[in-house]
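Read the structure below first, then the notes.
The values are calculated or read from the model by the stated rules, or taken from the named source; none is laboratory data. Remember, it's a predicted structure, so these values are computed and weren't measured experimentally. We place every Cβ from the backbone using ideal geometry, glycine too, and count neighbours over all the protein chains shown. For accessibility, only protein heavy atoms count, side chains too; no ligands or nucleic acids. Shrake-Rupley method; radii C 1.70, N 1.55, O 1.52, S 1.80 Å.
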Amino acid sequence: MKQNFGVPGFLSKLWALVEDHSTNDLICWSRNGSCFLVSNELRFSKEVLPLYFKHNNMASFVRQLNMYGFHKVVHVDMGLPREQEEVIEFQHPHFRCGETQLLKSIRRKVRSAVQLCTHRTINTHTHN
């Protein structure tokens, strides 16, 4: 995908990552293209994340996804603790296979003034 003006770098990289057929064994679109799948978190974070991002930290990657409104798809039959090699699905209504024009609609969540004040207050009290 060419750099799309108005689309944050994280989303452009994420799109390229999911579209890269050479990494389909670790990250790919779901069959219907409404979400993407990550398998084998450990291998994905060590082998694939550093190719697109400046880290290999799965938790940081998931945090970024959450900041842009992506959600982990939870299946009812997955109530048991999962293994590292299990497939994880992430979904966003504007992140769909073949629909790059929707990427402009995805915005990073902005902290509200109340959240910022609460965060500063907590940090002030914990560091004194």
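Could you name every one of the helices (runs of 4 or more DSSP H) located completely within region 9-68 that has at least 3 residues being within 22 Å of His94 (Cα to Cα) and either open to solvent by 40 Å² or more (accessible area, probe 1.4 Å) or of a type outside the set (Lys, Arg) (or both)?
Those helices (runs of 4 or more DSSP H) span 9-19, 58-67.
If I ask for residues that are under 29 Å from Pro8 (Cα atoms), of a type in the set (Val, Ile, Thr), at pLDDT 60 or above and surrounded by fewer than 10 Cβ atoms within 10 Å (Cβ to Cβ), which ones from region 75-128 would you list?
Selection gives Val110 alone.
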